[in-house]
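Asker: To start, I am sharing the structure in question, which I have written as structure tokens.
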């Protein structure tokens, strides 16, 4: 009897659904997500997942070139190397510090016109606190002093006001957008340099960035930067994730939010109905 019971128990165990474990090797082999920080002082910027990957790869190549600043090889002596100014150095030199006028923003400029006053300005912070949360989205964080630096960056737009509904509309129209970030940015009105034009009055821009993956407060790490003597600052940063479930399909119930992953059962004829899994590093 005992042997029959054990055999029967073993057959039940074999018939029971086996858990579909995560493919750890596939997860470890997948490339790290590309973390993107939107451009500072840019009125608009378009991007896609593919473009972000290419941009990151190009940035790595340029970074290596900037560190070495060497070109090697030639007809007379293939092993000879000469030190040159990198393409990025030339671009930065031409772009930064030429004292040109910069676009004016639409936001309030605090008095005194300092980075500290901008960060603590109540009028600016009230914009974040009173901003409506759009239908179909959930508020991730509010009134932080950093904008998002995350993966699956989809672009930036400068708005005329602190407009969460307008930014939501841009996200809804962008295929694949599931999150957005609205914030204020303290920018210079002159492209400053330390010698010719070190002092620039500030302007306040309202920025909207779109993202193709859910975001979190831990990703609000872009605190601004220095543009020669001028300090760019971020304030009143709000972020929202799309909360709307996918639409229902004809002939099916749901969709339903589950507390865990599905453990696919065996079919009536005994074969495993699990068809595989795929790891998406962007989500």
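The values are calculated or read from the model by the stated rules, or taken from the named source; none is laboratory data. Everything numeric here is computed off the predicted structure, so don't read it as measured data. All Cβ positions, glycine included, derive from the backbone under ideal geometry; neighbour counts span all protein chains shown.
Asker: Would you say residue 157 is within 23 Å of residue 104 (Cβ to Cβ) and either in contact (Cβ under 8 Å) with a residue 40 or more places away in the chain or buried (at least 17 other Cβ atoms within 10 Å of the Cβ) (or both)?
Answerer: So residue 157 passes the test.
Asker: Sort through 156, 127 and tell me the only one that's under 17 Å from residue 182 (Cα atoms) and assigned to a helix (DSSP H, G or I).
Answerer: Unique residue meeting the criteria: 127.
Asker: Note down all Cβ pairs under 9 Å where the first residue falls in the stretch 241-254 and is at pLDDT below 80, the second is surrounded by 11 or more Cβ atoms within 10 Å (Cβ to Cβ), and they're at least six residues apart or on different chains.
Answerer: Note: pairs meeting the criteria are 244/136; 244/137; 245/255; 246/255; 247/255; 248/255; 249/255; 254/245.
Asker: Specify which of the listed residues (176, 146, 136) is under 16 Å from the mean Cα position of the chain (by Cα) and over 18 Å from residue 237 (Cα atoms).
Answerer: Within the list 176, 146, 136, the selection yields 176.
Asker: How many residues are crowded, with 19+ Cβ neighbours inside 10 Å and touching a helix residue (DSSP H, G or I) at 6+ places or on another chain (Cβ under 7 Å) when one looks only at the stretch 125-143?
Answerer: Matching residues across the stretch 125-143 total 5.
Asker: Is it the case that residue 177 is touching a helix residue (DSSP H, G or I) at 6+ places or on another chain (Cβ under 9 Å), assigned to a loop (DSSP other than H, G, I, E, B) and surrounded by 14 or more Cβ atoms within 10 Å (Cβ to Cβ)?
Answerer: Answer is yes for this residue.
Asker: Any idea which residue in the stretch 189-212 is surrounded by the most Cβ atoms within 10 Å (Cβ to Cβ), counting only those that are at pLDDT below 95 and either within 24 Å of the chain's Cα centre (by Cα) or part of a strand (DSSP E or B) (or both)?
Answerer: 190
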